[in-house]
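To start, the structure itself, in structure tokens.
Each reported figure results from applying straightforward, stated rules to the coordinates on display, with no laboratory input. The structure presented is a predicted model; accordingly, all values stated were derived computationally and were not measured. Positions of Cβ are backbone-derived with ideal geometry, glycine not excepted, and every protein chain shown enters the neighbour counts.
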Amino acid sequence: MPSLTVELEPGKTVHVKLVKEGYLPLEFDYVVPSAPATVTKTMVAVVCRAAITRASLNKTTFEPRETIGLAYTVKNTGNITTDIVIRFGIGSPSASRPCHDVPPGGSVSGSVGFTAPSSPGSYKIVITAEACGRETDRKELPFTVRIPRVAITFDTRKEDGTVLTGVEVWIDGEKKGTT
């Protein structure tokens, strides 16, 4: 078992600091006993992680070039204060939003808008969270761009030109309503 032995003056109080990269520093005061002793301390590994706790779109079906709204919350789930970088984009993350000095358990929230693609189809918004320079979480939010719709009004009339009400309107086998 790796250890280090040092000689210290009995009865003296010393300040001990244990440091290892990748672990939280550990500091404590120690009163040196009159006989040899072993001090055992447990070092806690640094956990540098961010989690996307909420990511949602304002809706899931859009017209071409319509604005898509993304709302998100990212939490520092590690045990050290760190910078978190949130990346997002359609298909793959491209834009980024850095958040500095987020404490353990702290969260950052925000929203961003995208322009829906001009071609109809199925797409996804990808959002990632990075802590300590590495990706620690990723979410994909699917959405659809549909062919633009146009409003069609069915105005039904009798042979003499007067309005005829109560006519059922069916489109492709589906009843849409009654005039």
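Which order do the peptides 167-174, 27-34, 74-81, 51-58 take when ranked by the mean count of other beta-carbon atoms within 10 Å per residue, highest first? Mind showing how you got there, number by number?
Numbers: 167-174: 8.8, 27-34: 10.4, 74-81: 19.9, 51-58: 15.8.
Per-residue Cβ counts within 10 Å, averaged per peptide and sorted highest first, yield 74-81, 51-58, 27-34, 167-174.
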Checklist line | For segment 1-81, with +1 on Lys and Arg beta carbons and -1 on Asp and Glu, the positive-most of T61, T73, P33 along the dipole | finding: T61
Next item on the list: Between V14, V145, V46, find the one with the highest GNM mean-square fluctuation for the chain; connect C-alpha pairs within less than 10 Å.
Entry: V14
Check: What are the ³J(HN,Hα) values, in whole Hz, obtained from phi via the Karplus relation 6.51 cos²θ - 1.76 cosθ + 1.60 with θ = phi - 60°, for each residue of segment 86-92 in sequence order, with x given for Gly and Pro?
Finding: 9, 10, 7, x, 7, x, 7
Next item on the list: Mind giving me the FRET efficiency for T38 and N79? R0 is 41 Å, r the Cβ-Cβ distance, nearest 0.05 is fine.
Entry: 0.95
Next item on the list: Report, as a whole number in µm² per second, the diffusion coefficient that Stokes-Einstein gives for the chain at 37 °C and 0.692 mPa s using the Kirkwood radius over alpha carbon pairs.
Entry: 148
Check: Of G161, G121, G11, which is the most mobile in a GNM of the chain whose springs link Cα atoms less than 10 angstrom apart?
Finding: G161
Next item on the list: For the chain, set up a Gaussian network in which alpha carbons nearer than 10 Å are linked by springs, and say which option among A37, A95, A50 fluctuates the most.
Entry: A37
Notebook entry, point to check: Under a plain spin-label model, where a point goes 7 Å from the Cα along Cα-to-Cβ, how far apart in nm are S122 and E27?
Noted result: 5.6
Notebook entry, point to check: Hey, which lysines would be in cross-link range of K17, C-alpha to C-alpha under 16 Å, not counting anything within fewer than 8 residues on its own chain?
Noted result: K41
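Let's see if you can work this out: charge +1 on each Lys and Arg Cβ, -1 on each Asp and Glu Cβ, no other charges. What is the dipole magnitude of the chain about its Cα centre, in debye to the nearest 20?
Computed charge dipole of the chain: roughly 160 debye.
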Item checked: Electrostatic dipole magnitude of segment 50-145 [Cβ: Lys, Arg +1; Asp, Glu -1; Cα centre; debye, to 20] -> 140
Next item on the list: Provide the per-residue ³J(HN,Hα) series for segment 43-50, in order, calculated from phi with Karplus coefficients 6.51, -1.76, 1.60 and θ = phi - 60°, each as a whole number of Hz, with x at glycine and proline positions.
Entry: 8, 9, 5, 5, 10, 10, 8, 10
